[in-house]
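Take a look at the structure below.
The values are calculated or read from the model by the stated rules, or taken from the named source; none is laboratory data. Predicted, not measured: the structure shown is a model, and the values here were computed from it. Heads up, the Cβs are rebuilt from the backbone with ideal geometry, glycines too, and the neighbour counts pull from every protein chain shown.
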Amino acid sequence: MANGQAVGRASGMVVFAFGPLPGERARVRVTTVKPTYAVANVLERLNDSPARTQPFCPVFGECGGCQVQHLRYSAQLDWKRDVVRNALQRIGGLHAADVRAAVGMPVPRNYRNKMSLVVRHRRSAGAPVLGFYRQRSHDVVPIDGCPIVMPQLSAYVTTLRDAASASALSNARHVVCRAARTSGEAVVTITSTHASPALKAASQALLARLNGAVGVANSFDLGGENAILGRKSRVLAGRPYIEETIDGIRYRVSAGSFFQVNVEMLARIFAALRPKLRASMRVVDLYCGAGTFALFFARNGCHVYGIEENAHAVAEARENAQLNDLQARVQFHAGRAADALERADARAALAAADALFLDPPRKGSDEQTLSAVAEARVPVLWYLSCDPATLARDLKFLTAKGYSLGSVQPFDMFPQTGHVEALAMLAFTSSP
């Protein structure tokens, strides 16, 4: 499987089809042909894998959010370990990599703390449709709730649909909801092309109807046709942030902030890193976002130099440091990682670092950044990745620069989907 899709071949061409599991055979009809691959629909499944299970969501197979609900959860974990291991071997040439068993969840449902709904307005009269995008499409699958998001957010679907009937969402394009597991707080941001007077008029009543909600905002001035959040935002009722607590650290997070969607698994990653920390350790945190890991390192006695491209995230990181009284142990700087590492203070921080933590976006890091790290001979690297392919590419580069790869630990940050997080441990051993 590739990202939850079955992979086969026809006349030498790779064919992707949603539904079949490893070891199953199926009759398919090719619907799309691209230069290097084809896409097919399943006509008939000829046998069932022992790992097949009954999906628990009524729109599984239509909604594009989940890809592997039909695969038994223990088999999902085995498969995700294989995805990481195969990427390291095939792309990175790291055939001896120590890829550990994937860390999973006791109950792999109701874990997402963020929900992004699509609002599709009907051409005829009637309330708009709320749901998620259909697989490989911009059509919308209507939903009554979602068993992957926190129950509080799932219940918001019907409340928001009622609000849509009352014209509060008359100009809406998307609705982004984020909730905190510890505090029970939630914020809702409704995206429209322009600032919405109808939403402003209805915001207080809507806030009162959403259980646990502490704020409603309107996002607008879209940067593109498919933008989920606009470039501008105004708070219509309440406040724009929630407060979450993980491992004793308080985080204030807005709807648009980058923050891990699965706080239970985030705590597991903290637990894996904690034994490697020591008091007064100097850590550089690249792609530090709103300070999620930097504050964890600081709370465990480290001194942290964080770099993040998004200026709004840097402002949130500084606010979160103050919230936890950790500002004396952290420095946050805005800038693209490769450019920031050209500054004298960043080069000095890198040269003095005992360890470097990287949590880049899905596209991974870049050679300029990784070269600066290798030239500084930072003794220890902790690389957290949400894409095994770009992780493998970057590890290949780093091992060619004198780093040795230790263990690679997959974490199931996204159960029921084709995505997997992995934490790679590296140590500088010799010059290439």
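Check the range 266-289 and report whether any residue there is acidic (Asp, Glu), closer than 27 Å to LEU169 by Cβ, surrounded by 20 or more Cβ atoms within 10 Å (Cβ to Cβ) and touching a helix residue (DSSP H, G or I) at 6+ places or on another chain (Cβ under 7 Å). Scanning the range 266-289, I find no residue that is acidic (Asp, Glu), closer than 27 Å to LEU169 by Cβ, surrounded by 20 or more Cβ atoms within 10 Å (Cβ to Cβ) and touching a helix residue (DSSP H, G or I) at 6+ places or on another chain (Cβ under 7 Å), so the answer is no.
Of the residues in the range 166-195, how many are among the small types (Gly, Ala, Ser) and either outside any strand (DSSP E or B) or surrounded by fewer than 20 Cβ atoms within 10 Å (Cβ to Cβ) (or both)? Result for the range 166-195: 8. Taking the stated definitions as given, is GLY301 among the small types (Gly, Ala, Ser), at positive phi and modelled with pLDDT of 95 or more? Criteria met by GLY301. Report the residue count in the range 375-397 for those that are assigned to a loop (DSSP other than H, G, I, E, B), under 20 Å from SER430 (Cα atoms) and free of Cβ contacts under 8 Å to residues at least 60 places away in the same chain. Final tally of qualifying residues: 2. Can you tell me which of (1) in contact with an Asp or Glu (Cβ under 9 Å, 6 or more places away or on another chain); (2) assigned to a loop (DSSP other than H, G, I, E, B); (3) among the small types (Gly, Ala, Ser) is the one ALA96 doesn't meet? Every condition holds for ALA96 apart from (1). The residues of the range 8-46 that are over 19 Å from GLY64 (Cβ atoms) and of a type in the set (Lys, Arg), listed by number, are ARG9, ARG25, ARG27, ARG29, ARG45.
Picking from residues in the range 99-131 that are outside any strand (DSSP E or B) and of a type in the set (Lys, Arg), the one that is farthest from LEU405 (Cα to Cα) is ARG123.
When the criteria are applied in full, VAL99 fails the requirement of being free of Cβ contacts under 8 Å to residues at least 24 places away in the same chain, among the aliphatic types (A, V, I, L, M) and either out of contact with any helix residue (DSSP H, G or I) (no Cβ under 7 Å at 6 or more places or on another chain) or in the same structural domain as MET413 (by TED's automatic domain parsing) (or both).
Name every residue in the range 122-152 that is over 30 Å from MET265 (Cα atoms), free of Cβ contacts under 8 Å to residues at least 40 places away in the same chain and not small (Gly, Ala, Ser), in order of residue number. The answer is ARG122, ARG123, VAL129, ASP139. Residues of the range 133-165 that are surrounded by fewer than 17 Cβ atoms within 10 Å (Cβ to Cβ) and within 13 Å of ASN211 (Cβ to Cβ): PRO151, ALA155, THR158, THR159.
Identify, please: which residue in the range 297-341 is without any contact (Cβ under 8 Å) to a residue 12 or more places away in the chain and among the charged types (D, E, K, R) and is, among those, nearest to SER280 (Cα to Cα)? For the range 297-341, the residue satisfying everything is ASP325.
Checking each residue in the range 196-215 for being of a type in the set (A, V, I, L, M, F, W, C), closer than 12 Å to GLY238 by Cα and loosely packed, with under 15 Cβ neighbours inside 10 Å picks out ALA205, ALA208.
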